[in-house]
Each structure stands twice: as structure tokens, then as C-alpha cells.
1. Under 13 Å from Leu29 (Cα atoms) and touching a residue at least 40 places away in the same chain (Cβ under 8 Å): is that true of Cys42 in this structure?
2. Among what's in region 47-86 and is of a type in the set (D, E, K, R), out of contact with any Ser or Thr (no Cβ under 8 Å at 6 or more places or on another chain) and free of Cβ contacts under 8 Å to residues at least 60 places away in the same chain, pick the residue that is nearest to Arg33 (Cα to Cα).
Amino acid sequence: MNGRSRGLAPWLALILLGAGAGGAGAQPLSLYRDEAQARLHCSGDAVVWLDFQTRRYYAAGQARYAQGRTAVFTCRNQARRNGYRRSILGRR
């Protein structure tokens, strides 16, 4: 396991445990370390970069897309159902 993987592990565990507590309609998030894995799973939905600290997601083309250590890729609709909001930074 490399240094980045060890740094993400606590965040991933926190999100997976807390995802069910977000409300009756919340479902666990499917989290992916790279964009290609997310694209395979999110057919028919957009892939977004999910930032755990800010509870925001970034779409491809936005300045912070795929940037930072406290974030992973997921499907946009899953992010929305779990209470994450679209970032207003960058391209809209």
C-alpha cells in the first residue's frame, strides 16, 4: 500500500460508515481511486470528483477536478443522493 492509499483509508471508512446516516434515501457511495474505474461503473451518469472535507463535487473541466488528497471519483447521482453539492468554482 503506498502513502496515498494509507492517507485515504480513514476518509473512505468515515464516508462509508456515515453514508447510511444521511437520510432515508441515502445509499452507500461507490468510490473509485481512478477515473477509468468510475466511468465503467457510472454508465449513463457523469463521473465527478468528490471532496470529503467540503462535501462538494467537481465535474470534469472544473479547476479542482481530480485535485487534492481528500477526494475520490464517484457517480454524480450517488453524490447528490448522499448530500454532496455541486461546486460553483470553475466551469458550470
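Each value in this text was obtained by applying a stated rule to the coordinates, not by laboratory testing. Nothing here was measured: the structure is a model prediction, and the numbers come from that model. Positions of Cβ are generated from backbone atoms using ideal geometry, with glycine treated the same way; all protein chains shown enter the neighbour counts.
1. Judged against the criteria, Cys42 is not a match.
2. Out of the qualifying residues, it is Arg76.
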